[in-house]
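Trainee: My questions will all concern the structure given below.
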């Protein structure tokens, strides 16, 4: 029995090792290129709320697999010459799938969220980073912008990805702007309000250029088959 358990544990570790860590920038064509716009208005307020939709086609997650969102980061605008820092004493960061399309968000926040929403962070948050002179685009923050304390598993076939951020107690310590892109028909758009408690916001085709740190987890059936196979092997070895 001990050998069987050891075999199953070994196989489980082997499956876990097959998980792949990737970084996905949306829109993808802006991974190394500056966006054509910038955004600062929501973040200069003492409170804000914004929702941004990301087209599922931007996430190269194999059919049957799922992506665990481990980090979300924005970069400061390329025109920045000094550090940019917005700080908020409280925030909630929620992810969900949504049936809404880029350029198709409702101005009513609650109408955009999916049923599978998970609040991945609840607490203080800071947005911004050090400026690299002459860099176009600017570097991504070393530690990202949003901590993640709850798992959200994204499956692109179930819908587009929706990021929902509400914050309060804000102060623009070092004002500036975040890199953004405004293009009708692309893979992102947002709705925002400068009041974190407002049920409605202003819809724009603009969206923040965003990087997701993702762990791609293989199809669950692959794990189960591997574990079952290891269990059978353990039985035969015992005999």
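Trainee: In the list 198, 189, 184, which residue meets the criterion of being in the same structural domain as residue 94 (by TED's automatic domain parsing) and touching a strand residue (DSSP E or B) at 6+ places or on another chain (Cβ under 6 Å)?
Mentor: 189
Trainee: Next question. Right, residue 105: in a loop (DSSP other than H, G, I, E, B) and buried (at least 18 other Cβ atoms within 10 Å of the Cβ) or not?
Mentor: Details: in a loop (DSSP other than H, G, I, E, B): yes; buried (at least 18 other Cβ atoms within 10 Å of the Cβ): yes.
Yes: the conditions hold for residue 105.
Trainee: Scan region 161-183 and give yes if some residue there is under 19 Å from the mean Cα position of the chain (by Cα) and either part of a loop (DSSP other than H, G, I, E, B) or without any contact (Cβ under 8 Å) to a residue 60 or more places away in the chain (or both), otherwise no.
Mentor: So far as region 161-183 goes, no, none of its residues is under 19 Å from the mean Cα position of the chain (by Cα) and either part of a loop (DSSP other than H, G, I, E, B) or without any contact (Cβ under 8 Å) to a residue 60 or more places away in the chain (or both).
Trainee: Then there is this: When only residues in region 66-87 that are in contact with a helix residue (DSSP H, G or I) (Cβ under 9 Å, 6 or more places away or on another chain) and modelled with pLDDT of 95 or more count, which is surrounded by the fewest Cβ atoms within 10 Å (Cβ to Cβ)?
Mentor: 66
Trainee: Now for a different question. Could you tell me whether region 120-143 includes any residue that is within 13 Å of the chain's Cα centre (by Cα) and not in a loop (DSSP other than H, G, I, E, B)?
Mentor: Yes: one or more hits.
Trainee: Of the residues 168, 221, which is surrounded by fewer than 18 Cβ atoms within 10 Å (Cβ to Cβ) and at pLDDT 95 or above?
Mentor: Answer to the check: 168.
Trainee: So which of 144, 159 is surrounded by fewer than 21 Cβ atoms within 10 Å (Cβ to Cβ), touching a strand residue (DSSP E or B) at 6+ places or on another chain (Cβ under 8 Å), within 21 Å of residue 58 (Cβ to Cβ) and modelled with pLDDT under 90?
Mentor: 144
Trainee: Condition check: farther than 19 Å from residue 25 by Cβ, in contact with a strand residue (DSSP E or B) (Cβ under 6 Å, 6 or more places away or on another chain) and either outside the structural domain of residue 180 (by TED's automatic domain parsing) or at pLDDT 95 or above (or both). Does residue 115 satisfy that? Steps first, answer last, please.
Mentor: Values: farther than 19 Å from residue 25 by Cβ: yes; in contact with a strand residue (DSSP E or B) (Cβ under 6 Å, 6 or more places away or on another chain): no; either outside the structural domain of residue 180 (by TED's automatic domain parsing) or at pLDDT 95 or above (or both): yes.
Judged against the criteria, residue 115 is not a match.
The values are calculated or read from the model by the stated rules, or taken from the named source; none is laboratory data. Everything numeric here is computed off the predicted structure, so don't read it as measured data. As a convention, Cβ positions derive from the backbone with ideal geometry for all residues, glycine included, and neighbour counts pool all protein chains shown.
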